[in-house]
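I have placed the structure first, in the form of structure tokens, so that the comments after it can refer back to it.
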Amino acid sequence: MQKLVVIGAGMASGRMLEHLFEAAPGAWDVTLFNAEPRGNYNRIMLSPVLSGERSYEEIVTHDAAWYESHGVTCRFGERVVGIDRARKEVIGENGTVAYDKLVIATGSEPFMIPLPGRDLDGVIAYRDLEDTNRMIEAAAPGARAVVIGGGLLGLEAAAGMRLRGMEVTVVHLMGHLMERQLDPAAGYLLRRALVDRGIEVLCSANSKEILGENGKVRALMLDDGTELPCDLLVMAVGIRPAATLGREAGLAVGRGIQVDAQMRSSDPDVLSLGECVEFEGQLFGLVAPLYDQAKVAAATLLGEEAVFTPREVSTKLKVTGCDLFSAGDFAEGPGREDIVFRDPARGVYKRLVLEENRVIGAVLYGDVADGNWFYGLIKDGTDVSDMRETLIFGPAFQGGAPADPMAAVAALPADAEICGCNGVCKGAIVAAIQNGASTLDAIKATTKASASCGNCAGLVEQVLAVTLGDDFVAPSARPMCACTDHPHEDVRRLIKAKEIKSMPQAMQELGWKTPNGCHSCRPALNYYLIADWPLDYKDDPQSRFVNERNHANIQKDGTYSVMPRMWGGMTTPDELLAIAAAAKKYNATVKVTGGQRIDLLGIKKEDLPYIWADLNAAGMVSGHGYTKGLRTVKTCVGTDWCRFGTQDSTGLGIKLEKRLWGSWTPHKFKLAVTGCPRNCAEATCKDLGVVCVDSGYEIGVGGAAGMELKETEPLAKVATEQEVIDITVAFLQLYRESANYLDRPYKWIAKTGGLDWIRAQVVDDLENRAALIARFDISQSIYQKDPWAERATPEYQRAWAPLADLTQEAAE
Amino acid sequence: MSWVDIGALDDIPAQGARVVRTKLGCVAVFRTADDQVFALADRCAHKGGPLSEGIVHGHKVTCPLHNWVFSLETGEAQGADSGQVPTFPAKIENGRVLLDAARLQQESAA
């Protein structure tokens, strides 16, 4: 087998290996070096991670498991110190590896302006996940950041940090933002949109020095003496090829490692691709040409003919709410003409640059729907003389009446490009559909269309719909309800990312189609807002299901059941006397429940505030037996009484219940603590169950004993009660923050892809565990209150009685 | 019609309801988000659930027992369900909610 060594696990090399394994599985013995201690993620999606609209897990493209499944030897976290081309060896920090072919895909390094103070703590670039995490960590409300660089990355960084509540200033050297992609007019609109979001933008501003204090960044000083105070300074002024390894190995290097059209360097056994290469004097930073290079490099390794040709690229800014598109060349010049459309009130600006009756550049702001069509015209060099008068209005207005988008997609030729990132044309997607791919995910898996930035997902779905006709099933992420097109996941994400803190704001910002929702979405929105903004959002009783509004469980005849809390299933003679008295007074049916409590059934609504007052007087509080919230902690008698008990299961159950009660969760949440593996408290079918053993406590999660029967899965085994409590709180909080409304934990766990991610968050990462606990405690400071005590008042006694009684008047 | 004052509009929570006892059973008086009032029999056409405890959305209410949805304007079940809940004239005057007592008595006599 031939030996292939790849240096750098990035988007280009990952794609190259995919092509290679697809064409010739098992033909190569591959070793992969990566300085970052992980596999490959979709770098262009770091901005949505920063803004909180995506998670890191969602942007991973090739993880260690993927490489392993293809037999790749991964040397992650290990730097390559040199290449010995004479002996055909790569020298890593931990030893050398021989190669027959070597691929250098070391990517690029952020360019750091050599300002005084650039070594201070808190001065970072915006390049990788570490930088992204630095920004996320720094994002305390009121914290200040300065971004140097008003290009694509700088603005995405600024918008992301602003969404996380930071005060952000962008410092840009040039006269307008994104001057390489935008003309001044569009740059102005973009600036205005950013200023509206509370981002300060300084153009024509020259940085002079970074000021520090105790080794940490304090401010940026401009050359006019202005000081911009900041806790974090992000430099996003550009990238340069990481070509040092190639240069030291004696390869021909200009600005990057020079390659021919087959991606070979000056040494035919050494290939290079990605942002580290230079081809015919050109460098590459956008993803589409890199994927072309990956295809060519794989072909070269396989001994096939392939030629890399650079192509026109288009750019989109990934800042939610700022729609911006640019492609081609839009500098003014002799022989060039402009077509411009402005609608200032809507904030729409479109500009096309024409040369010899062909579109050579397009800038769209505010309405980018036609971007791909213009991009196609640029790429194909289409003669537009015939449609010049209506060109700026887009494809819908060419040749008569506006066409519906489906017809427009149907009319696209087979070689029309649908996915710009991956260079997938309509024909390839149609072919995949004819071979059985019938969903967006299947198309992603087979063609890569929409698998990178995802902007073309809608277009791909339209191709699916056009090709499959009636067989097309709408996307799997179902909308929450008929009031919105957003699935639960999107709504949760956007409530966090856009800092949506009220129900009207949610419906406005997320485009609700009904004036005030429905019985399905309102309780979900109310929960999401409670969970994400406990201090800001005010609970809306009218968006609660009757049980949570009335704090009792409605029965088939319209009466209610009342169930006081019995901590860990323990009670006292005095409590029992009070319960008995209340049952007699309000004529209740008495039932012992499976959750080790006593239920009083048949209580009329108008009597609720009175029976609560009676039970409160005996020291009892609501058992929340009616909520999507913390229900009960079932226990056995443990070491207090049982001859088999290994730990104080009752005491631990009571501690857990005292800590957790009152919290709202996506669905009901039940716990149990059992004193030994005999499991008398039935802990292994609970949302979270603790089984005590001699050496400590086994925590299991995701059990169920309802419509579905499921045993818990082991989450952690710990030695102390405190660890049980901490992990339980962290698990509950993570569930509160990320599950869909009405998903019990076992469903949520399945959707997150298993317990590994959850275990990493709540068990392994102690810092994150502490942060989850802190957020839970903030929520509890608001919501751990007895709802009965708050409602056992004369106001409620009045409000819950009939408004009027006309039976008397009718008799008169 | 003989209008009878049953209480202040502010006694009914927006997007909520209060109950009025009558000879023919309870009547639910709803107040919608746009501050209109509607009166319907407080018995779901399906299994008799108390509509007054349902979630009010637009000019509709969802029964708390099995999620049947009724128009507050016509009392008709929405969607795939079919059924009808009696409605009664209701109006707001000077911040007070009025029901047609004659109508209520007439039905009770019927």
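Values quoted throughout were computed directly from the atomic coordinates according to the rules given, and no laboratory measurement underlies them. Bear in mind the structure is a predicted one, so any value in this text is a computation, not a measurement. With ideal geometry, Cβ positions are generated from the backbone for all residues, glycine too; neighbour counts draw on all protein chains shown.
Annotation: amide H-H contacts under 5 Å for A:THR61 (H modelled 1.01 Å from N, sequence separation of 5 or more, or interchain): A:ASN40, A:TYR41, A:ASN42.
Taking neighbour counts of Cβ atoms within 10 Å as a proxy for exposure, in what order, fewest first, do B:HIS66, A:HIS519 appear? Numbers along the way, then the final one.
Details: B:HIS66 12, A:HIS519 20.
Taking fewest neighbouring Cβ atoms as first place, the list is B:HIS66, A:HIS519.
For the pair the range A:261-299 and the range A:351-399, the centres of their Cα atoms are 30 angstrom apart.
Order these by the 10 Å Cβ neighbour count, fewest first: A:ASP765, A:ASP694, A:ASP343, A:ASP292.
On the way: A:ASP765 14, A:ASP694 7, A:ASP343 11, A:ASP292 23.
By the 10 Å Cβ count, ascending: A:ASP694, A:ASP343, A:ASP765, A:ASP292.
Peptide A:796-804 has a mean of 6 when you count, residue by residue, the C-beta atoms of other protein chains within 10 Å of its C-beta. Amide H to amide H distances under 5 Å link A:GLY82 with A:ILE91, where only residues 5 or more positions off or on other chains count and H is placed in the peptide plane.
Mind grabbing the base-10 log of I(q)/I(0) for chain B at q = 0.10, 0.18 Å⁻¹? Debye formula, identical points on the C-alpha positions, no solvent, two decimal places. One equal scatterer on each Cα of chain B leads to -0.25, -0.81.
Only helical DSSP H runs with n ≥ 4 go in: add -39500 (n - 2.57) per run for chain A, normalise by residue count and round the 222 nm mean residue ellipticity to 500 deg cm²/dmol. Before the final figure, lay out the partial values.
Numbers: 29 runs with 268 residues, N = 812.
Helix-only estimate at 222 nm: -9500 deg cm²/dmol.
Near A:GLU109, the amide H atoms lying under 5 Å from its own belong to A:ARG240, A:ALA242; only residues 5 or more places off or on other chains count, and H is placed 1.01 Å from N. In order along the range A:507-522, phi translates into HN-Hα couplings of 5, 5, 5, 9, x, 4, 9, 10, x, 9, x, 8, 5, 8, 7, 5 Hz, rounded to whole numbers, per the Karplus curve 6.51 cos²θ - 1.76 cosθ + 1.60 with θ = phi - 60° and x for Gly and Pro.
Would you mind ranking A:MET166, A:MET45 so that the residue whose beta carbon has the fewest other beta carbons within 10 Å leads the list?
On the way: A:MET166 23, A:MET45 20.
Ascending Cβ contact count within 10 Å gives the list A:MET45, A:MET166.
Only Cα sites of the range A:488-544 enter the Debye sum here, all with the same form factor; the resulting log10 I(q)/I(0) across q = 0.13, 0.23, 0.31 1/Å is -0.26, -0.86, -1.58, listed in q order. A straight Cα-to-Cα reach below 12 Å connects A:LYS295 with the aspartates and glutamates A:GLU18, A:GLU22, A:GLU304, A:GLU305, residues fewer than 8 places away in its own chain not being considered.
Applying a threshold of 32 Å to the alpha-carbon distances of A:LYS426/A:LYS496; B:LYS23/B:LYS91; A:LYS216/A:LYS496; A:LYS350/A:LYS501; A:LYS498/A:LYS556; A:LYS591/A:LYS658 flags A:LYS426/A:LYS496; A:LYS350/A:LYS501; A:LYS498/A:LYS556 as lying beyond it.
On the principal axes of its alpha-carbon atoms, chain A has extents of 94, 72, 65 Å, going from largest to smallest.
What does the structure give for B:46-53 when I average, per residue, the other chain Cβ atoms found within 10 Å of the residue Cβ?
Details: counts 0, 2, 3, 5, 6, 0, 5, 9.
Neighbouring Cβ atoms belonging to other protein chains average 4 per residue here.
For the range A:516-535 and the range A:612-680, what is the separation of their C-alpha centers, rounded to whole Å? Their Cα centres are 27 Å away from one another.
Taking a straight Cα-Cα cut-off under 14 Å and skipping sequence neighbours fewer than 8 places away in the same chain, the aspartates and glutamates within cross-link reach of A:LYS88 are A:ASP100, A:ASP267, A:ASP269. Counting only lysines at least 8 places from A:LYS751 when in the same chain, those with an alpha carbon closer than 16 Å to its own are A:LYS710.
Would you calculate, for chain B, the mean residue ellipticity at 222 nm contributed by helices, counting each DSSP H stretch of 4 or more residues as -39,500 (n - 2.57) and dividing by all residues, to the nearest 500?
So the helix-based figure for chain B works out to -2500 deg cm²/dmol.
Couplings 3J(HN,Hα) for the range A:709-723, derived from phi with the Karplus relation 6.51 cos²θ - 1.76 cosθ + 1.60 (θ = phi - 60°), are 10, 9, 7, 5, 9, x, 9, 6, 10, 10, 9, 10, 4, 4, 5 Hz, where x marks Gly and Pro. Averaged over the residues of peptide A:490-499, the number of Cβ atoms from other protein chains lying within 10 Å of each residue's Cβ is 0. Given a Förster radius of 45 Å and the C-beta distance between A:ASN435 and A:ASP329 as r, what FRET efficiency does 1/(1 + (r/R0)^6) yield to the nearest 0.05? Step by step, r from the Cβ atoms, then E = 0.70. Each label was represented as a point 7 Å from its Cα along the Cα-to-Cβ direction; for A:SER204 and A:ALA760 these points are 4.8 nm apart. For the pair A:ALA407 and A:LYS591 in one chain, pulling the backbone fully straight at 0.36 nm per residue adds 59.9 nm over the alpha carbon distance. Site pair A:GLU22 and A:TRP641 shows an inter-label distance of 6.6 nm when each label is modelled 7 Å from Cα along Cα→Cβ. Across the range A:152-168, rounded Karplus estimates of 3J(HN,Hα) from the backbone phi angles (6.51 cos²θ - 1.76 cosθ + 1.60, θ = phi - 60°) give 3, 5, x, 6, 5, 5, 4, 5, x, 5, 5, 4, 8, x, 8, 8, 10 Hz, Gly and Pro being marked x.
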